[in-house]
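Trainee: Could you have a look at this structure, given as structure tokens, before my questions?
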Amino acid sequence: MASLLFFAVAGFIILINFNNVIDNDINDFLVNREEIATTQIVNDIPIEALNNYEQIIKISTNQEEIDNLMFTDTIVYDIIDDEFHAYRKLNVIRKIGTAFYDITIFKSLIESKLLVVEILKPMLLVFLGLLTFLILGNLFISRGLWRPFKETLITLKNYELGSTRSINFSKTNTQEFNQLNSMLNTMIKKIHYDYLNLKEFTENAAHEIQTPLAIIRNKCEMLLQSEKLTDVELKPLKSIYNSCLRLSKINRGLTLLAKIESGAYDNSEKIDITEVVKSQVQHYIEVIELNGLMIKMDLNHQMHFVINPDLIEILVSNLIRNAIKHNTTNGKIHIITLQNCIRFSNSGNQSKMDTGQFRRFNRSNKNSLGLGLSIINKICLAYNIQLKYSYENGLHNFDLNF
Amino acid sequence: MKLLIIEDEQEVQDDLIEFLKGENFLCEAVSTASLAKEKVYMHEYDAIILDIGLPDGSGLEVLEYLKKLNKDTGVIILSAHGAIDDKISALNIGADDYLTKPFDFNELNARIKSIIRRKQFHGNNTIDFGDIKINTVSHEVVVNNKNITLTQKEYQMLLYFISNENRVITKESIVEHLWGDDTDMFDSFDFIYGHIKNLRKKIVNAGGNDYLSTIYGVGYKFQKI
């Protein structure tokens, strides 16, 4: 595109230059003819002897400036061709002896126009040739020379951090690309190593925490069985017990998040979403009723999606739990299916929430862990389910677009 | 009732023994896979509590060995791994139940009793507790010779209370038993009062005794009067 523009500008400049040169040439020619005509008058050759393109009139008075060359473009009617032609005209008043002469010289511009066209034609051809060559050359360069670079890009695009498949760049003849590839290789190896280290640490931490937590929890339970404890002792004990429960839940939630991220849940099957919703609602129906909530379901659209059965259960149950947890007294929960979309709506005390709520530990409620929405978000991301939140008429809506 | 505890973490093992002895089980405990294999080869147990992570191998090996011996002992897996595939492979090999650490003693207790109930083919399917009779197959509950209708959760709760007779049961423990790990959903556990109130009312209305007492600030206790 840039070369095309360049050629257009260059061609335009050349055209203008040509025109200028030809203009000057014609003007010189006119001046020349005028000099000849003047000489003829000086030498007393009769005016009639001059050719058609010169017009000399003897004028008596000198009203206008002498020796002022005036060039103008004009058109002249050609009797033979029966049409107008472009002419350049030179008009000058000369004083020869005592008489004044108004001398006008004409010169047709047809030949010069033809000249320009004749010169521009081959030039245009050369330009076009150059342009095609440039475009083809560019194509060749990008196809040929940049091919290894594109291959590297594709390899990088297909690379998945954490996959056991090692990354392989093909060898090229270009030294720079080889350097780039080897640098990328080192970098990716380092990232992969760090990633594995971190993953191992997370897994170990999550795993090793469980045993001490089990001990704390069980000791608390044993102490709680004791009948000798007074309120003063029971209160902190209960608090330790509850904190311990909370800690293990956070641990579980985070482990789950890490697992979804690392793609540990990869065995997928075709699942009827409405069935999952029905069974999960059944699971929570008593809680919903005990919390004084009204539930309305409209599951007319059948929906199938290929997903891990455990994850879809976690996803749906988290959405239902979210709807229960952030509801008002005597509030309502609606679950509606649309074409390839399922909507969970609930009434709530809070006004519209911001999307930061999908991040971890962003909680509005003291008792919640702040992991529910982030788990929902992670599962949706992993399976390319579009999750949309909206707030209208006092209802918080979560739409899943399959 | 004889139980075998296979757990390498000494503290956890001690706690398990202390707790299960309190529930009148006879307990033996080992902490390695090889010792465990020896034990299951030589003795008969009613149930085995098996930790997956053992110093000299996986608990799953012990489970496989047990199945090779054709012993129909109930096995509960205890694991620090919450991994679902671990759970699936354990259940596929033939474990009867699976608990993730940290676990609740009452929950473990209820599950052991449920397994032992299921394994006793010649035994009856009814649980008697005072004037309450429960048929664990048909889920029928008879109080004072009257049939009462319980919701699914009320039934589960009643069974949980009876399994943990004379023990203090926290509200958290009840909620976890009924809804699994979903306890964070509840702003307060107040709604559990509603459940318990309904259950109590149904039993008392049928002329049954009120076995449930509230331990202030802690939870509940189910005991014969």
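The values are calculated or read from the model by the stated rules, or taken from the named source; none is laboratory data. Model, not experiment: these values are computed from the prediction. In this analysis, Cβ positions are derived from the backbone assuming ideal geometry, glycine residues included, and neighbour counts consider all displayed protein chains. Heads up: the accessible areas ignore ligands, DNA and RNA and are worked out on the full protein's heavy atoms, side chains in. Shrake-Rupley method; radii C 1.70, N 1.55, O 1.52, S 1.80 Å.
Trainee: Between segment A:1-35 and segment B:91-119, what's the alpha-carbon centroid distance in Å?
Mentor: Spelled out, the Cα-based centre of one part sits 99 Å from the other.
Trainee: Round to the nearest 0.05 the FRET efficiency obtained for A:His301 and A:Asp266 when R0 = 25 Å and r is the Cβ-Cβ distance. Walk me through the numbers on the way to the answer.
Mentor: Working: r = 28 Å, r/R0 = 1.10.
With R0 = 25 Å, the Cβ-Cβ based efficiency is 0.35.
Trainee: In the structure displayed, which of A:Lys296/B:Lys197; A:Lys235/B:Lys197; B:Lys67/B:Lys87; A:Lys190/A:Lys259 lie more than 19 Å apart, Cα to Cα?
Mentor: A:Lys296/B:Lys197; A:Lys235/B:Lys197; A:Lys190/A:Lys259
Trainee: Considering just Cα atoms, how many Å³ per residue does the convex hull of segment B:2-119 enclose?
Mentor: Values: hull volume 10.6 nm³, N = 118.
Considering the Cα atoms of segment B:2-119, their hull volume per residue is 90 Å³.
Trainee: OK, next. Taking all protein chains in place and a 1.4 Å probe, what share, in percent, of the accessible surface of the protein assembly as shown do carbon and sulfur account for?
Mentor: Whole-percent figure for carbon plus sulfur exposure: 55.
Trainee: Excluding residues on the same chain fewer than 8 positions from A:Lys107, give the lysines whose Cα lies under 17 Å from its Cα.
Mentor: A:Lys89
Trainee: Also, quick follow-up: Relative contact order for segment A:1-142: what is it in percent, counting Cα pairs under 8 Å that are at least 6 residues apart?
Mentor: Worked out over segment A:1-142, it gives 24 percent.
Trainee: Helix B:152-163 sits at what angle to the longest principal axis of chain B, using alpha carbons and giving 0 to 90 degrees rounded to 10?
Mentor: 70 degrees
Trainee: Over segment A:19-123, what number does the Rg to Rh ratio reach, with both radii from the alpha-carbon atoms and Rh per Kirkwood? Before the final figure, lay out the partial values.
Mentor: Working: Rg = 15.7 Å, Rh = 15.1 Å.
Expressed as Rg/Rh, it is 1.04.
Trainee: With just the Cα atoms of segment A:269-401, tell me how far they stretch along each of the three principal axes, in Å, largest first.
Mentor: Cα extents, longest axis first: 37, 29, 25 Å.
Trainee: Could you work out the per residue convex hull volume over the alpha carbons of the protein assembly as shown, in cubic angstrom?
Mentor: Hull volume over Cα atoms, normalised by residue count, gives 311 Å³.
Trainee: For segment A:104-162 and segment A:170-193, what is the centre-to-centre distance using only Cα atoms, to the nearest Å?
Mentor: Measuring centre to centre over Cα atoms gives 34 Å.
Trainee: Now for a different question. What's the long-distance tail for chain B, i.e. % of Cα pairs beyond 28 Å?
Mentor: Roughly 35 percent, once rounded to a whole number.
Trainee: So, counting K/R as plus one and D/E as minus one, what does the shell of residues with Cβ under 15 Å around A:Lys296 add up to?
Mentor: +1
Trainee: Let me ask something else. Distance cut-off 29 Å, Cα to Cα: go down the list A:Lys150/A:Lys388; A:Lys199/A:Lys325; B:Lys37/B:Lys171; B:Lys68/B:Lys113; B:Lys37/B:Lys224; B:Lys133/B:Lys221 and report the pairs above it.
Mentor: Violating the 29 Å limit, Cα to Cα: A:Lys150/A:Lys388; A:Lys199/A:Lys325; B:Lys37/B:Lys171; B:Lys37/B:Lys224.
Trainee: Same structure again: As I understand it, the value is the acute angle between the Cα axis of helix B:59-68 and the longest principal axis of the Cα atoms of chain B; what does it come to in degrees, rounded to 10?
Mentor: Roughly 90 degrees, rounded to the nearest 10.
Trainee: If you don't mind, there's one more thing I want to ask. Over the Cα atoms of segment A:160-264, Rg to Rh with Kirkwood Rh, two decimal places?
Mentor: Rounded to two decimals, Rg over Rh is 1.35.
Trainee: What does the accessible area per residue of segment B:7-149 come to in Å², with a 1.4 Å probe and no ligands, DNA or RNA counted?
Mentor: On a per-residue basis, segment B:7-149 sits at 47 Å².
Trainee: Treating only the Cβ of Lys, Arg, Asp and Glu as charged (+1, +1, -1, -1), what charge dipole size does chain B show about its Cα centre? Round to the nearest 20 debye.
Mentor: Its charge dipole is roughly 1260 debye.
Trainee: Add -39500 (n - 2.57) for each DSSP H run of 4 or more in chain A, then divide by its residues: what number comes out at 222 nm, to the nearest 500 deg cm²/dmol?
Mentor: Details: 8 runs with 212 residues, N = 402.
Helix contribution divided over all residues of chain A: -19000 deg cm²/dmol.
Trainee: Just A:Glu34, A:Glu313, A:Glu203 to compare: in a GNM of chain A, with alpha carbon springs under 10 Å, which one fluctuates most?
Mentor: The residue that fluctuates most here is A:Glu34.
Trainee: Kirkwood Rh over alpha-carbon pairs of segment B:60-165, then Stokes-Einstein at 20 °C and 1.002 mPa s: what D in µm² s⁻¹, rounded to an integer?
Mentor: 138 µm²/s
Trainee: Name the residues of segment B:134-167 whose accessible area, probed at 1.4 Å, falls by at least 30 Å² once all protein chains are in place instead of their chain on its own?
Mentor: SASA drop of 30 Å² or more in segment B:134-167: B:Lys153, B:Arg167.
Trainee: Still on this structure, please answer the following. Compare A:Thr274, A:Thr38, A:Thr202 in a GNM of chain A, Cα atoms joined below 10 Å, and give the one with the largest fluctuation.
Mentor: Result: A:Thr38 has the largest fluctuation of those listed.
Trainee: If we count every other residue with Cβ under 15 angstrom of A:Phe149's Cβ, Lys/Arg +1 and Asp/Glu -1, where does the sum land?
Mentor: For residues surrounding A:Phe149, the net value is +3.
Trainee: Is there a quick way to get the dipole size of chain A? I mean about its Cα centre, with the Cβ of Lys and Arg at +1 and of Asp and Glu at -1; what is the value in debye to the nearest 20? If you can, show how the numbers build up before the last one.
Mentor: Working: 41 positive and 43 negative charges, 767 e Å.
Magnitude of the dipole: close to 3680 debye.
Trainee: Compute the Cα gyration tensor for segment A:169-226, then decide on rounded, prolate or oblate, letting a ≥ b ≥ c be the square roots of its eigenvalues: rounded whenever a/c is under 1.5, prolate when a/b is larger than b/c in the other cases, and oblate in all that remain.
Mentor: Since a/c reaches 1.5 and a/b is larger than b/c, the shape of segment A:169-226 is classed as prolate.
Trainee: Roughly how tilted is helix A:2-42, in degrees to the nearest 10 and between 0 and 90, from the longest Cα axis of chain A?
Mentor: Taking the Cα atoms of chain A, the angle to A:2-42 is about 10 degrees.
Trainee: A further question follows. Taking the dipole about the Cα centre of the protein assembly as shown, with the C-beta of Lys and Arg at +1 and of Asp and Glu at -1, give me whichever of B:Leu91, A:Ile14, A:Ile335 is farthest to the positive side.
Mentor: The one lying farthest along the dipole's positive direction is B:Leu91.
Trainee: Could you run the numbers on buried accessible area between A and B, total for both chains, 1.4 angstrom probe, in Å² to the nearest 100?
Mentor: 3800 Å²
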